[in-house]
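Colleague: My questions will all concern the structure given below.
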Amino acid sequence: MLPSANWPAPANAVVSPMIGKTAWNVAKGHGSFLTLEFGPPSLVAIKHPSRDSRSAHVRGAWGLWIYCCHWKITHAGAQLAWSEDDAATIDRAAAALNGQQLTAIAVDPGYGRTKFDFDLECALETWPYGDDPDGEQWSVSTREAVLRINAAGRYEIAAIDAPLSDDSWLPLV
């Protein structure tokens, strides 16, 4: 496993400040997606270009989005839920992460796995759906940038308002 402190500088600059921060608003999103907020909250307003409206959301300084992969949440090694469980089981497991401090992030590029460790013996682990090395697994958004990690242990980072490209993936190692 490759701990976040050993990541390339651009990726490390996004994730290292998250270490020690408390997860809040941990929730199941669409399907089996998970969202976690870290750091101080702020109100973010988004204008919708296709219609004459705006939406507002409370976001953390870092937003972690788990998507397009399998995942499991454990406590002291015992599985609380995984991505294929029913909504109620996932909601209970997400609640277990809520309020815990993130202590480490480690990626295993060879197997496309990531482990997020928390201070009260919980962990969130991700792994690919199948054999597609380009499948994204998670991203972290800050107010300035988005960092995406794929199943091949590669990353892409871009300004928050820049379009992401499938041509700019870089190796973590």
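Colleague: Looking at the stretch 46-59, is at least one residue within 21 Å of Ala123 (Cβ to Cβ) and surrounded by 15 or more Cβ atoms within 10 Å (Cβ to Cβ)?
Modeller: Our first condition is that a residue be within 21 Å of Ala123 (Cβ to Cβ); within the stretch 46-59, this holds for none.
No, every residue in the stretch 46-59 fails to be within 21 Å of Ala123 (Cβ to Cβ) and surrounded by 15 or more Cβ atoms within 10 Å (Cβ to Cβ).
Colleague: Please work out if Glu84 is loosely packed, with under 14 Cβ neighbours inside 10 Å and either in contact (Cβ under 8 Å) with a residue 12 or more places away in the chain or touching a Cys at 6+ places or on another chain (Cβ under 9 Å) (or both). Give the steps one after another, and end with the answer.
Modeller: Details: loosely packed, with under 14 Cβ neighbours inside 10 Å: yes; either in contact (Cβ under 8 Å) with a residue 12 or more places away in the chain or touching a Cys at 6+ places or on another chain (Cβ under 9 Å) (or both): yes.
In short, yes.
Colleague: Let me ask something additional. I need the full set of residues from the stretch 146-163 which are closer than 20 Å to Ala61 by Cα and without any contact (Cβ under 8 Å) to a residue 24 or more places away in the chain, in order please.
Modeller: Val146, Arg148, Glu156, Ala158, Ala159, Ile160, Asp161, Ala162
Colleague: For a quick check of your reading: which strands (runs of 3 or more DSSP E) sit entirely within the stretch 57-173 and have at least 1 residues that are in contact with a Lys or Arg (Cβ under 9 Å, 6 or more places away or on another chain), of a type outside the set (A, V, I, L, M, F, W, C) and under 17 Å from Glu37 (Cβ atoms)?
Modeller: Details: elements: 62-66, 70-75, 78-82, 102-108, 113-118, 122-127, 136-141, 145-150, 154-159.
Per the criteria, 136-141.
Colleague: Search the stretch 126-144 for residues that are at pLDDT below 90 and pair each with any residue that is among the aromatic types (Phe, Trp, Tyr) when their beta-carbon atoms are under 8 Å apart and the residues are at least 6 apart or on different chains.
Modeller: Asp134/Trp169; Gly135/Tyr129; Glu136/Tyr67
Colleague: Here are Ala145, Ala87, Ala96: which of them is hydrophobic (A, V, I, L, M, F, W, C), touching a strand residue (DSSP E or B) at 6+ places or on another chain (Cβ under 8 Å) and over 27 Å from Ser42 (Cβ atoms)? Don't jump to the end; show me each part of the working.
Modeller: On the way: Ala145 fails: over 27 Å from Ser42 (Cβ atoms); Ala96 fails: over 27 Å from Ser42 (Cβ atoms).
Going through Ala145, Ala87, Ala96 in turn, just one is hydrophobic (A, V, I, L, M, F, W, C), touching a strand residue (DSSP E or B) at 6+ places or on another chain (Cβ under 8 Å) and over 27 Å from Ser42 (Cβ atoms): Ala87.
Colleague: Could we say that Glu37 is farther than 22 Å from Asp167 by Cα, buried (at least 17 other Cβ atoms within 10 Å of the Cβ) and in contact (Cβ under 8 Å) with a residue 24 or more places away in the chain here?
Modeller: Values: farther than 22 Å from Asp167 by Cα: yes; buried (at least 17 other Cβ atoms within 10 Å of the Cβ): yes; in contact (Cβ under 8 Å) with a residue 24 or more places away in the chain: yes.
Yes; evaluated as a whole, the condition is true for this residue.
Colleague: Given the structure, is Trp62 modelled with pLDDT of 95 or more, out of contact with any Leu (no Cβ under 8 Å at 6 or more places or on another chain) and buried (at least 19 other Cβ atoms within 10 Å of the Cβ)? Let's see the steps before the verdict.
Modeller: Numbers: modelled with pLDDT of 95 or more: yes; out of contact with any Leu (no Cβ under 8 Å at 6 or more places or on another chain): yes; buried (at least 19 other Cβ atoms within 10 Å of the Cβ): yes.
So Trp62 passes the test.
Colleague: Restricting to the stretch 100-114, give me the number of residues that are out of contact with any Ser or Thr (no Cβ under 6 Å at 6 or more places or on another chain), surrounded by fewer than 20 Cβ atoms within 10 Å (Cβ to Cβ) and closer than 26 Å to Pro41 by Cα.
Modeller: 3
Colleague: Given (1) crowded, with 18+ Cβ neighbours inside 10 Å; (2) among the hydrophobic types (A, V, I, L, M, F, W, C); (3) farther than 16 Å from Ala27 by Cα, where does Leu120 come up short, assuming only one miss?
Modeller: (1) is the only condition that Leu120 fails.
Colleague: Quick check: anything in the stretch 100-116 modelled with pLDDT under 95, under 24 Å from Gly130 (Cα atoms) and of a type in the set (Phe, Trp, Tyr)?
Modeller: Yes: the stretch 100-116 contains one or more residues that are modelled with pLDDT under 95, under 24 Å from Gly130 (Cα atoms) and of a type in the set (Phe, Trp, Tyr).
Colleague: Quick one: which of Arg51, Arg59, Arg92 is under 15 Å from Arg143 (Cβ atoms) and basic (Lys, Arg)?
Modeller: Numbers: Arg51 fails: under 15 Å from Arg143 (Cβ atoms); Arg92 fails: under 15 Å from Arg143 (Cβ atoms).
None of the others qualify; the one that does is Arg59.
The values are calculated or read from the model by the stated rules, or taken from the named source; none is laboratory data. These figures come from a predicted structure and were not determined experimentally. For neighbour counting, all protein chains shown are included, and Cβ atoms are generated from backbone atoms with ideal geometry for every residue, glycine included.
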